[in-house]
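> Got a structure for you, questions after.
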Amino acid sequence: MGEEVSLQMRSAAVDVVRRLRAAGFESYWVGGCVRDLLLGIEPLDYDVATSATPEQAAPLFESTREVGRAFGVLQVRCADSWIEVATFRSEGGYSDGRHPDSVHPADARTDVLRRDFTINALLMNPLDGQVLDYVGGRRDLEQRQLRAVGDPAQRFQEDALRLLRAVRFTCRFDLEIEPATRQALVAQAHRIRLVAAERARDELLAMLLGPRPRRALTLLLDSGLLDHIAPEVKRLRGCEQSPRHHPEGDVWEHTLQMLEHMQASVAQPDAALALGVLLHDVGKPDARQRVGDQWVFHGHEKRGQEIAETVMQRLRVPNKTQSAVQMLIGQHMRFISVREMRRSTLRRFILQEGFDRLLELHRLDALSSRGDLTTWEACRRELESVAQEEPPVRPLLSGDDLIERGYRAGPRLGVILRALVDAQLEGSVRDRERAIAWVREHFAPDPDEPPAGATPAA
Ligand code: ATP
Ligand code: MG
C-alpha cells in the first residue's frame with residue numbers, strides 16, 4: 001500500500017472516532033491496528049469499537065454499509081476501502097466450537113475480553129494516543145508473548161480457529177507462546193477438525209507465505225496441528241535421502257529450506273508456488289527405494305500428484321490453483337534432462353503456460369539441495385534468446401483462405417504461403433487485402449476440379 005493511501009486511511013479512521021465521540025458515544029481503535037502501531041508497523045486496516053449501535057452510528061457518516069446486523073457491525077467508506085465500526089459486544093455459548101450462539105451489547109472492557117489473544121485486545125484513543133489495556137497486552141507485546149485472553153483452554157474450546165491463529169500470529173510477529181496457552185493449544189489440536197476447511201486453508205497459506213514459514217511448520221508439527229490438517233506432510237520428516245544429492249538432510253528439511261528461500265527471494269510468491277513447494281516431494285516417502293548405497297525415488301512425482309490431490313481436496317483449494325500445483329509436482333523432475341533435450345523439446349518445455357513458476361520452484365529446489373543453478377541458468381538463457389528472436393511471421397492468409405479462392409488443397413498451398421511470408425518480410429505486403437491481390441498476381445488459381453462422376457483419364 002502506498003504511503004499516501006495509508007495516511008489517508010489513518011486520518012479517516014481518526015475521523016470516525018472523532019465523529020462518534022462528538023455525538024456522545026464511546027469509541028476506540030481496537031485489535032490489529034493498535035497492535036501494529038505499537039509494534040511500529042503501518043496497519044493495513046483499522047477497526048473501531050464503539051458504544052453506538054449501527055443505527056446510531058450510520059447517520060454520522062456519508063457512506064456506510066451494514067455487514068453484520070446480528071453482530072452490530074457497520075462499515076464506513078474511506079476512499080477505496082472500508083473501516084469497520086463494531087458495537088461493543090459480549091459473546092455467549094459456542095456450541096459448534098467455532099461461532100458464538102448469541103451476542104449481547106456490552107462495554108469496552110467486556111468487548112476486549114471476548115477477543116483471542118492479549119496482543120489483539122488493545123484499545124486506543126487516536127485523539128490523544130492513550131492505550132486502554134484490560135488484558136496485559138502491552139506487556140505481552142513488549143515481551144513478545146502470545147497469550148490467550150483469559151483461560152486458554154476455554155478460549156480454544158470456544159473457537160477452534162484460534163488454534164491456527166495462535167501459530168500464525170506467533171510466526172508473523174516472532175513471538176513465544178506463553179506456556180499455559182501452548183499447553184492448551186497442544187491439548188486441543190485435534191479440535192482443528194471443527195473448522196471449515198477453507199478457513200484452515202487460508203490460515204495455512206498465510207503461514208506459508210508469511211515471514212517465518214519454517215517456524216510455522218515446526219510449530220504445526222510440534223503442536224500436533226499438522227496431524228489434523230496435512231498428515232501427509234508430516235511423513236516427510238525422517239524420510240532420508242542420499243547425501244550426495246541432498247546434503248541438507250531429509251525431505252522435511254529440504255522442504256523447509258525451500259520455503260525459507262521462497263520467503264527470502266521470491267518477490268511475490270502465490271498460493272500455487274507455496275503449495276507446490278510444500279507438496280512437490282510429498283510422494284517421496286512412498287516411492288523411496290534402496291539401490292546399492294543410495295536412496296532412489298522413482299516415480300515420486302506421480303505418487304506426489306495423487307497425494308497432493310487428496311490434501312488439496314481436503315483443504316478445498318480452488319481448482320485453478322490445484323492444476324497449477326499439479327503441474328509443478330508433475331514436472332519438477334524434468335529439469336534433470338534439460339541438457340539432453342532437443343531444442344524443440346526444450347522450447348516447448350519453457351514456453352508452456354506456468355513455466356515461470358515451475359522454473360522458480362526448480363531454483364528453490366536447487367538452492368535447497370546442492371546449490372547447483374546451471375540448469376536454471378540454461379533455461380533462463382533459452383528464455384532470453386526466445387525473447388530476443390523476431391516473432392515468427394505468420395502468413396496473413398490461411399490455406400482455407402486460398403482454397404476459398406480457387407486454389408486446390410495440396411503441397412502447392414505451402415509454396416504459396418511461404419512465398420507470401422517472404423513478401424511480408426520484405427514489406428511489400430502488409431494487410432489481408434493486399435495479400436489476396438499479391439497471391440493472385442503471382443500464382444494462378446488451379447484449374448477447376450474435374451466434374452464429379454467423370455471417368456478419370458486412363
Ligand atoms: P490482521 O492484520 O491479520 O487482519 P487482526 O488482528 O486485525 O490481524 P482480524 O482477523 O482482522 O485480525 O481480526 C480483528 C480482531 O478481531 C482481532 O485483532 C481480534 O481482536 C478479533 N478476532 C478476530 N478473530 C477472532 C477469533 N477467532 N476469536 C477471537 N477474537 C478474534
Ligand atoms: Mg484485520
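The values are calculated or read from the model by the stated rules, or taken from the named source; none is laboratory data. Bear in mind the structure is a predicted one, so any value in this text is a computation, not a measurement. As a convention, Cβ positions derive from the backbone with ideal geometry for all residues, glycine included, and neighbour counts pool all protein chains shown.
> What number goes with the only condition from (1) within 14 Å of ligand 1 (Cβ to nearest atom); (2) under 22 Å from L20 (Cα atoms); (3) crowded, with 22+ Cβ neighbours inside 10 Å; (4) not small (G, A, S) that T118 does not pass?
With (1) within 14 Å of ligand 1 (Cβ to nearest atom); (2) under 22 Å from L20 (Cα atoms); (3) crowded, with 22+ Cβ neighbours inside 10 Å; (4) not small (G, A, S) applied to T118, the lone miss is (2).
> Then there is this: Is it true that L417 is touching a Gly at 6+ places or on another chain (Cβ under 9 Å), more than 30 Å from D250 (Cα to Cα) and outside any loop (DSSP other than H, G, I, E, B)?
In short, yes.
> Just a yes or no: is a residue in segment 66-75 more than 25 Å from R114 (Cα to Cα) and surrounded by 14 or more Cβ atoms within 10 Å (Cβ to Cβ)?
No; the residues of segment 66-75 include none that is more than 25 Å from R114 (Cα to Cα) and surrounded by 14 or more Cβ atoms within 10 Å (Cβ to Cβ).
> Still on this structure, please answer the following. Which ones in segment 114-137 are charged (D, E, K, R), more than 20 Å from P179 (Cβ to Cβ) and within 33 Å of the chain's Cα centre (by Cα)?
Of everything in segment 114-137, those that are charged (D, E, K, R), more than 20 Å from P179 (Cβ to Cβ) and within 33 Å of the chain's Cα centre (by Cα) turn out to be R114, R115.
> Also: Going by the conditions given, is E340 in contact with a Lys or Arg (Cβ under 7 Å, 6 or more places away or on another chain), surrounded by fewer than 20 Cβ atoms within 10 Å (Cβ to Cβ) and of a type outside the set (G, A, S)?
In short, no.
> If we keep just the residues of segment 343-375 that are surrounded by 13 or more Cβ atoms within 10 Å (Cβ to Cβ) and of a type in the set (S, T, N, Q), which is modelled with the lowest pLDDT?
T345
> Right, here's the next one. Taking P43 as the residue in question, decide whether it is within 11 Å of ligand 1 (Cβ to nearest atom), touching a Ser or Thr at 6+ places or on another chain (Cβ under 8 Å), in the same structural domain as I119 (by TED's automatic domain parsing) and not charged (D, E, K, R).
yes
> Let me ask something additional. Looking at (1) touching a His at 6+ places or on another chain (Cβ under 9 Å); (2) over 17 Å from H254 (Cβ atoms); (3) not in a helix (DSSP H, G or I), which one does R370 not meet, given that it meets all the others?
(2)
> Do we have any residue at all in segment 89-97 that's surrounded by fewer than 16 Cβ atoms within 10 Å (Cβ to Cβ) and touching a residue at least 60 places away in the same chain (Cβ under 8 Å)?
yes
> Would you check if I192 is buried (at least 18 other Cβ atoms within 10 Å of the Cβ), in contact with a Ser or Thr (Cβ under 9 Å, 6 or more places away or on another chain) and not assigned by TED's automatic domain parsing to the domain that holds Y28?
When the stated conditions are applied, I192 does not pass them.
> Additional query: Is it fair to say V5 is of a type in the set (A, V, I, L, M, F, W, C), within 28 Å of the chain's Cα centre (by Cα) and surrounded by fewer than 16 Cβ atoms within 10 Å (Cβ to Cβ)?
Yes.
> Still on this structure: From the list G137, G129, which one is within 15 Å of ligand 1 (Cβ to nearest atom) and either among the small types (G, A, S) or at pLDDT below 95 (or both)?
After applying the criteria, what remains is G137.
> What number of residues within segment 339-367 satisfy the criterion of being assigned to a loop (DSSP other than H, G, I, E, B) and either of a type in the set (K, R) or on the phi > 0 side of the Ramachandran plot (or both)?
2
> Oh, and also: Read through the list (1) surrounded by fewer than 18 Cβ atoms within 10 Å (Cβ to Cβ); (2) farther than 30 Å from P392 by Cα, then give the number of the only condition that V325 fails.
With respect to (1) surrounded by fewer than 18 Cβ atoms within 10 Å (Cβ to Cβ); (2) farther than 30 Å from P392 by Cα, V325 is out only on (1).
> I would also like to ask the following. Among E84, E66, which is the only one that is away from ligand 1 (no atom under 16 Å from the Cβ) and in a strand (DSSP E or B)?
Residue meeting the stated conditions: E66.
> Just to be sure before I move on: is A184 touching a helix residue (DSSP H, G or I) at 6+ places or on another chain (Cβ under 6 Å), away from ligand 1 (no atom under 13 Å from the Cβ), within 27 Å of L209 (Cβ to Cβ) and not assigned by TED's automatic domain parsing to the domain that holds G92 in the structure I sent?
In short, yes.
> Evaluate the following for Y94: is it modelled with pLDDT of 95 or more, among the aromatic types (F, W, Y) and more than 19 Å from S11 (Cα to Cα)?
In short, no.
Residue-by-condition table, conditions (1) more than 16 Å from ligand 2 (Cβ to nearest atom); (2) modelled with pLDDT under 95; (3) not aliphatic (A, V, I, L, M):
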position: E4; (1), (2), (3): yes, yes, yes
position: V16; (1), (2), (3): no, no, no
position: R21; (1), (2), (3): yes, no, yes
position: V30; (1), (2), (3): no, no, no
position: L39; (1), (2), (3): no, no, no
position: D45; (1), (2), (3): no, yes, yes
position: F61; (1), (2), (3): yes, no, yes
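> Filter segment 147-164 down to the residues that are surrounded by 21 or more Cβ atoms within 10 Å (Cβ to Cβ) and away from ligand 1 (no atom under 12 Å from the Cβ), then identify the one that is nearest to H99 (Cα to Cα).
Step by step, filter segment 147-164, then rank; the result is P152.
> Next up: Does D111 satisfy being more than 28 Å from the chain's Cα centre (by Cα), more than 16 Å from ligand 2 (Cβ to nearest atom) and assigned by TED's automatic domain parsing to the domain that holds V5?
no
> Based on this model, can you work out whether R165 counts as among the basic types (K, R) and within 16 Å of ligand 2 (Cβ to nearest atom)?
Yes, satisfied.
> Does segment 150-166 contain at least one residue that is in contact (Cβ under 8 Å) with a residue 40 or more places away in the chain, over 20 Å from H228 (Cβ atoms) and in contact with a Leu (Cβ under 9 Å, 6 or more places away or on another chain)?
no
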